[in-house]
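Everything below concerns the one structure shown next.
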Amino acid sequence: MQDKCSFCGRTRNEVNLLIAGTDGFICDDCATQAYDIVQEEMRGKSNLNLDNLEVKKPIEIKSFLDQYVIGQNEAKKHLAVAVYNHYKRLIHKPGNDDVEIEKSNIVMVGRTGTGKTLLARTIAKMLHVPFTIVDATVLTEAGYVGEDIESILTRLLQAADYDVEAAEKGIVFIDELDKIARKGDNPSITRDVSGEGVQQGLLKLLEGSIVNVPPQGGRKHPDQKMIPVNTKNILFICGGAFDGIEKKIAARMNSMVVGFHASQAIEKIDRENFLQYIAPQDLKSFGLIPEIIGRLPVLTYLEPLDRQALRNILTEPKNAIIRQYIKLFELDNITLKFDEEVYEYIVDKAIEFKLGARGLRSICEAIMTDLMFEVPSQDKKEITVTKAYAEEKLSHVHTQKLRA
């Protein structure tokens, strides 16, 4: 008697693959259908169990961030408190006092290379809720080339494996928020479709409303069935470099410094770090509309990285750049060492190029590329990178390449 599938009855000759079990067989088609049915059933059951959710306290969240991100204590505190409060809102069941806890969306302002996106990626490692990072630069108004605003929630749905209930309790990090600033106050015949238009579209997401989300993205699949998502419990964290906002802060502070004590007030201002004085009105003068500023009530900043911070970033975090190179060579059974003065030289160059922590990686790559190319084919078991070697390798690299 010929073997056949216990589900559909087809014989071995009629199917591509017949998998044997203890008391029967299953063909590849039935196995695929069974997998699809299980996935469909699982989507209907939220994987986010709020009753057994272990919520870390703000100090514990900050301690976790400290392992990967150097400095930026102010931003870490705001982020830790926001995430902790977000979990408390999810667990909180309204009582008789009718107190409704509103979410506190955050906006982080900091120069390029100070760690905004790194903070978001790091905190995603410890979260028990769906988390996604989206880039505001690709967003445009509906009907124009680019991604619709609703694509933000499409990404969150994908992170939640299309579990709507779990996605409605997730966290979204919107990067490059400054790139959707209003281009100017003057009315024009051309629409600002990637600036103010996007800000207007974000309002309904940030404040909390039911949004119809295309599960496969925007206009590429016009016949797809929309999924309604309530954004009331979704926490939005925004980040941006806001390049040039220091001038607006300085102008505001200088205009405020008047009267008999003007000279004393000027002396107290730290002119090396104007971002610490940032206020909502500075975001407005930069080009964010008042409505969106009101829906991002928590405003924090990232410190510019000083010499010591850059030096620590090279070696201290769990994912430090130098540690990564040592691990790469270790996989080839090669011991990699660096002279102490090499670190100082790399930091000097990073400060010169003004690229923050991102510049450290570019400089290290320029120094290490030849070693990573040649050494795996050699019999060396130990390599030491000296300052002279680093200077020689950087001298052959066009400085514009590192600045880019």
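Computed extension length for Q158-D270: 35.9 nm, one decimal, from 0.36 nm per residue of separation with the Cα-Cα distance subtracted. Each residue was assigned an accessible area with a 1.4 Å probe, and for V229 the value is about 0 Å². If the chain linking E392 and V55 were pulled fully straight, counting 0.36 nm for each residue of separation and taking away their Cα-Cα distance, it would gain 116.2 nm. Annotation note: GluC sites (Glu not before Pro) in the range 265-333 located in DSSP loop regions with a Cβ neighbour count of at most 16 within 10 Å are E272. The order of M126, M372 by accessible area, most exposed first and with a 1.4 Å probe, is M372, M126. At full extension, K125 and A279 could sit 52.4 nm farther apart than now, given 0.36 nm per residue minus the alpha carbon distance.
Within the same chain, lysines fewer than 8 places from K179 are excluded, and of the rest, those with a Cα less than 23 Å from its Cα are K116, K204, K247, K248, K284, K354.
Applying 1/(1 + (r/R0)^6) with R0 = 35 Å to the Cβ-Cβ distance of R10 and E41, what FRET efficiency is obtained, to the nearest 0.05? Write out the running numbers ahead of the final one.
On the way: r = 25 Å, r/R0 = 0.71.
Plugging the Cβ-Cβ distance into 1/(1 + (r/R0)^6) gives 0.90.
Residues F7, F236 ordered from highest to lowest accessible area at a 1.4 Å probe: F7, F236.
The values are calculated or read from the model by the stated rules, or taken from the named source; none is laboratory data. For clarity, every value in this text was computed on a predicted model and none was experimentally measured. For neighbour counting, all protein chains shown are included, and Cβ atoms are generated from backbone atoms with ideal geometry for every residue, glycine included. We work out accessible area using only protein heavy atoms, side chains counted, and drop any ligands, DNA or RNA first. Shrake-Rupley method; radii C 1.70, N 1.55, O 1.52, S 1.80 Å.
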